[in-house]
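Peer 1: Got a structure for you, questions after.
Please treat every number below as a calculation from the coordinates, not as lab data. Predicted model only: the values in this text are computed from it and were never measured. Backbone-built Cβ (ideal geometry, glycine too); neighbour counts: all protein chains shown.
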């Protein structure tokens, strides 16, 4: 069955194209933030750039507040911005400027009918382990509903993200003959990596999907100044809801021999939202009204939902156009048909929320 194609206005396409065309890798978001705040200010939103560098825009009034939290930064890497048929290519088209443009466009369509307040925040630094934008706002807002702007596809909503923890392991020892006794620095880090793999395999016995502990060896580096050879490996972990970063850190420290140095990034616990909420019901109804079959997703990655979800404790989900398997890839692109349908879904949600 071919689904109906909701119409896009030239302005809605231009917003998406312009946002994607502005390079905004983490730490270099200022131009994109300025563009978005200027765009919305020209359309009578109250806008500002907060002290963290986030773009903040508000419209409407009333007893309830819906907060949309997207991220305007991207990972590094240039993807030439172009429209080829139905596809718009560019870094951030999917992750996650498409979600910001879709939400802003939907709110623009129905802003004269709002009976509550909308706060749109395009946060900085989400693609780093530190998420400074989300951490800045978490104690400064207390919305009644929250939508996280991340790709889910137009006909699905995301209810959970795994936790995260990064680890750098290094071994350093005096130079010696290769035929001498003892393990070399690279052998020590490799042996530790093998211990971690065994630990994860044991932990994951009988588990699957969202309940598993995932680990990735991201990089290996060896340096030799002829006096103190050093080996370093970088690891990332994705945590299930029943394993906190502190608990995993303790396990990893217990596995390490005294001659290894461990350095951890700030960890984030996993988060899974409630399924039956007024916000979720509004999305399901809107997707069905457009001929879609709604579904729920749980992601192996981490998002700003992990930060604000447990702090705000309100109906929350992640939604945005696009295929998340294209995140961070050299061929990242967003279907304009998908973008149009997500705007149509969000338009209906904003007309119904809050209950």
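Peer 1: At 4 °C and a viscosity of 1.567 mPa s, what translational diffusion coefficient does Stokes-Einstein give for segment 163-264, taking Rh as the Kirkwood radius over Cα pairs? Give it in µm²/s as a whole number.
Peer 2: It diffuses with D of about 89 µm²/s by this estimate.
Peer 1: Also, I was wondering about something else. Relative to the longest principal axis of the chain, what angle (0 to 90°, nearest 10) does the C-alpha long axis of helix 98-110 take?
Peer 2: Tilt of helix 98-110: around 20 degrees.
Peer 1: Counting pairs of alpha carbon atoms under 8 Å apart in space and at least six apart in sequence, what relative contact order in percent does the chain give?
Peer 2: Computed over the chain, the figure is 26 percent.
Peer 1: Here's something else I'd like to know. Angle, helix 245-255 long axis vs. longest principal axis of the chain, Cα atoms, 0 to 90°, nearest 10?
Peer 2: Roughly 20 degrees, rounded to the nearest 10.
Peer 1: Which of these, 224, 242, 214, has the largest mean-square fluctuation under a Gaussian network model of the chain (Cα springs below 10 Å)?
Peer 2: So, out of 224, 242, 214, the one fluctuating most is 224.
Peer 1: With no solvent and one point per C-alpha, what does the Debye sum give as log10 I(q)/I(0) for segment 226-355 at q = 0.22 Å⁻¹?
Peer 2: -1.37
Peer 1: Please sort 325-334, 13-22, 80-89, 102-111 by packing, taking for each peptide the average over its residues of neighbouring beta carbons within 10 angstrom, highest first.
Peer 2: In descending order of packing, they fall as 102-111, 13-22, 325-334, 80-89.
Peer 1: Can I ask one more? Taking the beta-carbon count within 10 Å as an exposure proxy, list 24, 34 from fewest neighbours to most.
Peer 2: 34, 24
Peer 1: If I stretch the segment between residue 173 and residue 86 completely, what's the gain in nm (0.36 nm per residue apart, minus their alpha carbon distance), one decimal?
Peer 2: Extra length available between residue 173 and residue 86 comes to 25.7 nm.
Peer 1: Can you compute the equivalent ellipsoid semi-axes for the chain, i.e. the square root of 5 times each eigenvalue of the Cα gyration tensor, sorted largest first and rounded to whole Å?
Peer 2: With the √(5λ) rule applied to the chain, the semi-axes are 41, 22, 19 Å.
Peer 1: Now, a different point. What order, most packed first, do the peptides 191-202, 136-147 have when packing is the mean number of other Cβ atoms within 10 Å of each residue?
Peer 2: Top to bottom by mean Cβ count within 10 Å: 136-147, 191-202.
Peer 1: Expected output is a single nm value to one decimal: the length gained when fully extending between residue 116 and residue 50, i.e. 0.36 nm times separation in residues minus the C-alpha distance. What is it?
Peer 2: Gain on extension, residue 116 to residue 50, equals 21.5 nm.
Peer 1: Let me ask you something else. Top mean-square fluctuation among 123, 282, 318, Gaussian network model of the chain, C-alpha springs under 10 Å?
Peer 2: 282
Peer 1: Rounded to the nearest 10 degrees, what's the angle between the helix 10-21 long axis and the longest principal axis of the chain, both from Cα atoms, 0 to 90?
Peer 2: With both axes taken from Cα atoms, the answer is about 20 degrees.
Peer 1: Mean-square fluctuation check for the chain, GNM, Cα pairs under 10 Å: which of 58, 187, 338 is largest?
Peer 2: Of 58, 187, 338, the most mobile in the Gaussian network model is 187.
Peer 1: Return the calculated 222 nm mean residue ellipticity for the chain, to the nearest 500 deg cm²/dmol, obtained by summing -39500 (n - 2.57) across DSSP H runs with n ≥ 4 and dividing by the residue count.
Peer 2: Helices in the chain give a 222 nm mean residue ellipticity of -9500 deg cm²/dmol.
Peer 1: In whole angstrom, how far apart do the alpha carbon centroids of segment 249-302 and segment 45-75 sit?
Peer 2: 23 Å
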